[in-house]
Structures are given as C-alpha cells and as structure tokens.
Amino acid sequence: MNDRYQSPLAERYASKEMQYIFSPDKKFKTWRQLWIALAKSEQELGLNITDEQIAELEAHADEINYDVAKAREKVVRHDVMSHVYAYGQLCPKAKGIIHLGATSCYVGDNTDVIIMTEALKLVRVKLINVIDELSKFADKYKALPTLAFTHFQPAQPTTVGKRATLWMNEFMMDLDDINYMIDSMKLLGCKGTTGTQASFLELFNGDHEKCRQIDKKIAEKMGFKDCYPVSGQTYSRKLDTRVLNVLAGIAASAHKFTNDIRMLQHMKEVEEPFEKTQIGSSAMAYKRNPMRSERIASLADFVISDALNPALVSSTQWFERTLDDSANKRLSVPEGFLAIDGLLDLCLNVVDGLVVYDKVITKHLMAELPFMATENIMMDAVKNGGDRQELHERIRELSMQAGKRVKEEGLENNLLELIAADPMFGVTLDELKAKLDPMKYVGRSKEQVEEYLEEVVKPVIEQHKDELGLKAEINV
C-alpha cells in the first residue's frame, strides 16, 4: 500500500471508532437494517411480506458479500442495485421484496443521517471529556494570579484558572450546539423519486394514511423521533451544512485555545506535554515546540474551511434532485468528522498534561504589577491630603522613567523605588511592597471560577458522568 495515496486523517489523526462509523461495513450493514425496517413496516401496513422473509433478511444482515456486489456493480454500474442483488443472493425467499417501493436515496440518505448522528454523538463524548479535564485544571489554578493581556499587552491581572474558564466556555457553547443538532436530526424516510411518495401510494392502493405511517414506523425502528415532513428525492443538503458548521465551531474554539497555549509556551509560563524521547527540532536539540497545539490549529483550519463545502453544495441543488452533491459529500462530511475527531483527541491530550510554571508566571506578573498598583497608591496619597491631578501627573512621569529603564536599558522595574523617593507620596518602599499582593488585583477571578464550575459546568459533567475518563491515543 506504500505505492498509492493514503489519507493522513486515517493514518495519523482519527480514532478507530470514528473511522469505523464511516467505514464500508458500517454503511452497508446500515443499508440492510434499513431494508429490514422497510420490509417490517410494509408488512405491518398490510403488504404481502411473510415473517419467514423478514427472518431470512435478519439472519444475513451482517453478512456483507462484497465480492458479489462488486462483480454486479461492474455490470449494472449502480451501487445500490448491486447490493440489493448481493443481499438477494443470500436471501432467496426475500429477494423479491428487498427495497420494495424505494429509491436509492432511501438507503443512501437515511444511512448518511444515521452515520452523521452517531459521529456527532462520538464527537460529543470527546468534547465533554475535554471540558471535564479543563474544569479540573481551572479548579486547580483558580487562585494562581497571572498577567492578563488585552491587545497582547500586559493588563489587569487574572488567574490561570479564570483564563481556563474562557477556553471552557467556548467549548460549552459548542456542546449546546451539538446537543441541539443531535436532538433535531431526522431521517429522510421513504419519499420516492421526487419526494411525493407516489410509489408507496400505489403500493398501498391509494391509502394516504399508510403512506404517512410508513415514515413514522421506519423512524421508530431506526431509533429516530421522526422523518422530515417534506423533501425532494433527498433530504435537504442544508442539513450537511448545519452539521459541519457545528464541527467548525468546535474547531474555532480549539484553535483559540491553542493560540493561547502556544504564546504561553513561548513565555515559558505554560507548556503542553513533552515526551521524554520527543525531538523538538532536527537542528536545535534544546527546542520544545508546541507541536500538538500546532497540529490542533492546523486541523482546525481544515475543518473550518471544510464547512464551506456543504454550503456550496446545498446552494446549488436543482429542483427535486441533482447529483453534483455526491462526490463532494463523500469527501467533505467524513473528512470533517475524521479531522474533528483527531483534533479533540489532541485537545484532550494537551489539557490532560498541561504543565504550569508558577514561578515564571509570578516573575512576569511582579515585573508589571508596580504599574498596575499605581491607582491604589495614588488613591492612598489622596486620602492623606494629596491633589489627585498632581499625583496622577507625577505617577505618569515616574512610570515613563521606569518603563524607559526596562525597555531601553534592560533593567528591573524600579517604579516603586521612584515613588518611595518622591516626597509627594509620603510612603516608604516597604509600605509600597506590602501593597503588591497579586490577589488584591485579580478581582473576582477565583470566585468566578468557583461559581462557573459549580453552576454551569458541574451539572453537565454530572449528566454525562458515564462518558468520562476517556484517554486520548495520539498516533504521532
């Protein structure tokens, strides 16, 4: 197999579970389950289908005779009819009632909905595990002060845990979206060649109620609440757009998370896991590159751009059916799911092994904290009789001096020393240093973490507790 293209999504990124969902075995076994559901529903609605025929179909449901189907497809050039033929070879008594009244989209489109629904559920499990690990990280570091940044410039301090809740909150929004999408998934049902159910109206001798009932029966047998009430030959391709937009949302959240991790790793404050034998660079042996975060960002770019595919497809469908969706769907939908699956495995791996260098974090914070403490210092001086406007101007001047010393001379921040030496403020250096407790400047960061975890995250984690404990396997 080394002499032909191999998909990196399968070879490097996606899990075996997600690959199986989009495998030929899953696809063709689902086709057969749909044919069984159709036969049972038609029997229940009065068509001449025997229990013996249905039993025969069920006995061979998982026995996919690929060789027969492949040989037949070479002759008829039609994948569905080839598998109808192959199934019939295994089920001679039921041969005549397989696919009765249905079009190819009955198995094709219903299977697509079933597969996407299962894939969404697997994505949800992985997303919940990422949120769970992030919640543990946020709780552990909820009271560790760190510099916050606006415009990537030092700003009022936050805590490491509070910053983690920002990452988590975006994933929680994605969880809302994926839950909505899963709950709203419906089957195509049996709609016929143009969506009118004309073939079924003929089968049921003009009985409109039986045509309505067959969709409901099939949906129930396949584990769905309902079928789409109207369609052309296919379900609306807008469904694929909605599904992949959910995946793109997760990708965007993951990308933002890894942007922060990569910059924090540059500052040596937080670091993604690094294996003992891992090589960071082929030339520079000392390097510890954030390669997993970079891979997440790379896959995220792919998923976000991939969401454009179904939008283009759905916008250009003609009337009740056109086939310029087929090749695109075969690529864009599976690859979107395979990529997001690998991305979430990487996210789980990174979050589970994040290393926090608290001393470096404190060092960086303390280098900037004197600037941020100036407002409190000024207010105390005002309370002692000083003029606010004059004090503000003096602090501005001293801050410029200290900033110049840091930037141009590479020396330590001496703003506190400058203020202590200025009689306008009437304060000693020891008194000023006593004001530099970082926790005095983080506002409600710690409390916000506690409240967010308790009120928002914990109920979700509890609801999905049976799905927790997932460990991501990283291939490379």
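The values are calculated or read from the model by the stated rules, or taken from the named source; none is laboratory data. Everything numeric here is computed off the predicted structure, so don't read it as measured data. Neighbour counts are summed over all protein chains in view; Cβ atoms, including those assigned to glycine, are modelled from backbone coordinates with ideal geometry.
Let's see how each residue does on (1) in a helix (DSSP H, G or I); (2) among the small types (Gly, Ala, Ser); (3) more than 30 Å from ASP358 (Cβ to Cβ):
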residue	(1), (2), (3)
VAL230	no, no, yes
SER236	no, yes, yes
ARG242	yes, no, yes
GLY249	yes, yes, yes
PHE257	yes, no, no
ILE261	yes, no, no
GLN265	yes, no, no
LYS268	no, no, no
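Return a yes/no flag: does region 154-172 have any residue that is more than 25 Å from HIS266 (Cβ to Cβ), hydrophobic (A, V, I, L, M, F, W, C), surrounded by fewer than 22 Cβ atoms within 10 Å (Cβ to Cβ) and in contact (Cβ under 8 Å) with a residue 24 or more places away in the chain. Yes.
Going by the conditions given, is GLY426 touching a residue at least 40 places away in the same chain (Cβ under 8 Å), over 19 Å from LEU175 (Cβ atoms), more than 45 Å from the chain's Cα centre (by Cα) and assigned to a loop (DSSP other than H, G, I, E, B)? Yes: the conditions hold for GLY426.
Return yes or no: is GLU393 acidic (Asp, Glu) and more than 30 Å from GLU272 (Cβ to Cβ)? Considered against the rule, which asks whether it is acidic (Asp, Glu) and more than 30 Å from GLU272 (Cβ to Cβ), GLU393 comes out as yes.
Can you find even one residue in region 316-338 that is basic (Lys, Arg), under 23 Å from PHE22 (Cβ atoms) and either touching a residue at least 12 places away in the same chain (Cβ under 8 Å) or surrounded by fewer than 21 Cβ atoms within 10 Å (Cβ to Cβ) (or both)? Yes, that holds for at least one residue.
Scanning region 390-442 for residues that are among the basic types (Lys, Arg) and farther than 18 Å from THR362 by Cα yields ARG394, ARG396, LYS404, ARG405, LYS407. If the condition is being surrounded by 12 or more Cβ atoms within 10 Å (Cβ to Cβ), charged (D, E, K, R) and either at pLDDT below 95 or more than 25 Å from the chain's Cα centre (by Cα) (or both), then region 1-55 contributes ARG12, LYS29, ARG32, LYS40, GLU42, GLU44.
Just to be sure, is GLN401 modelled with pLDDT of 90 or more and under 41 Å from the mean Cα position of the chain (by Cα)? Considered against the rule, which asks whether it is modelled with pLDDT of 90 or more and under 41 Å from the mean Cα position of the chain (by Cα), GLN401 comes out as no. In region 211-237, the residues that are within 14 Å of LYS191 (Cα to Cα) and at pLDDT 95 or above form Cβ pairs under 8 Å with partners that are of a type in the set (Phe, Trp, Tyr) and in a helix (DSSP H, G or I), at six or more places apart or across chains, as follows: CYS211/PHE200; ILE214/PHE200.
Of LEU323, LEU369, LEU346, all but one fail to be in a helix (DSSP H, G or I), aliphatic (A, V, I, L, M) and farther than 22 Å from ASN259 by Cα; the exception is LEU369. Considering region 305-327, and only residues there that are closer than 20 Å to LEU122 by Cβ and not charged (D, E, K, R), the residue that is nearest to the chain's Cα centre (by Cα) turns out to be ALA307. Looking only at region 370-381, decide whether some residue is at pLDDT 90 or above and either under 30 Å from GLU170 (Cα atoms) or more than 45 Å from the chain's Cα centre (by Cα) (or both). Scanning region 370-381 turns up no residue that is at pLDDT 90 or above and either under 30 Å from GLU170 (Cα atoms) or more than 45 Å from the chain's Cα centre (by Cα) (or both). Just one residue in the set LYS142, LYS186 is buried (at least 21 other Cβ atoms within 10 Å of the Cβ) and of a type in the set (D, E, K, R); that residue is LYS142. For region 407-416, a residue qualifies if it is part of a helix (DSSP H, G or I) and either crowded, with 17+ Cβ neighbours inside 10 Å or among the acidic types (Asp, Glu) (or both), and the qualifying residues are GLU408, GLU409, LEU415, LEU416. Within region 103-117, one or more residues are surrounded by fewer than 19 Cβ atoms within 10 Å (Cβ to Cβ), in contact with a helix residue (DSSP H, G or I) (Cβ under 6 Å, 6 or more places away or on another chain) and on the phi < 0 side of the Ramachandran plot. Only residues that are outside any loop (DSSP other than H, G, I, E, B) and either buried (at least 21 other Cβ atoms within 10 Å of the Cβ) or not aliphatic (A, V, I, L, M) (or both) were counted in region 86-102, giving 7. Residue check: GLY223 meets all listed conditions (1) under 15 Å from TYR106 (Cβ atoms); (2) part of a loop (DSSP other than H, G, I, E, B) but one, namely (1). Return yes or no: is VAL107 touching a strand residue (DSSP E or B) at 6+ places or on another chain (Cβ under 7 Å), assigned to a helix (DSSP H, G or I), at pLDDT 95 or above and farther than 30 Å from PRO438 by Cβ? It is false that VAL107 is touching a strand residue (DSSP E or B) at 6+ places or on another chain (Cβ under 7 Å), assigned to a helix (DSSP H, G or I), at pLDDT 95 or above and farther than 30 Å from PRO438 by Cβ.
Only one entry in ASP183, ASP215 is more than 21 Å from the chain's Cα centre (by Cα) and farther than 19 Å from TYR452 by Cβ, namely ASP215.
Scanning region 339-379 for residues that are of a type in the set (A, V, I, L, M, F, W, C), surrounded by 15 or more Cβ atoms within 10 Å (Cβ to Cβ) and without any contact (Cβ under 8 Å) to a residue 60 or more places away in the chain yields a total of 2. Within region 380-394, residues that are of a type in the set (Gly, Ala, Ser) have Cβ atoms under 6 Å from residues that are surrounded by 11 or more Cβ atoms within 10 Å (Cβ to Cβ) and not in a helix (DSSP H, G or I) in these pairs: ALA381/PHE425, counting only partners at least 6 apart in sequence or on another chain.
Looking across region 328-338, just one residue is more than 16 Å from the chain's Cα centre (by Cα), over 26 Å from THR196 (Cβ atoms) and either modelled with pLDDT under 95 or of a type in the set (D, E, K, R) (or both), and that is ARG330. Would you check which residues across region 19-67 are touching a residue at least 24 places away in the same chain (Cβ under 8 Å) and of a type in the set (D, E, K, R) and list them? Passing the criteria: ASP25, LYS26, LYS27, LYS29, ARG32, LYS40, GLU42, GLU44, GLU52, GLU56, ASP62, GLU63.
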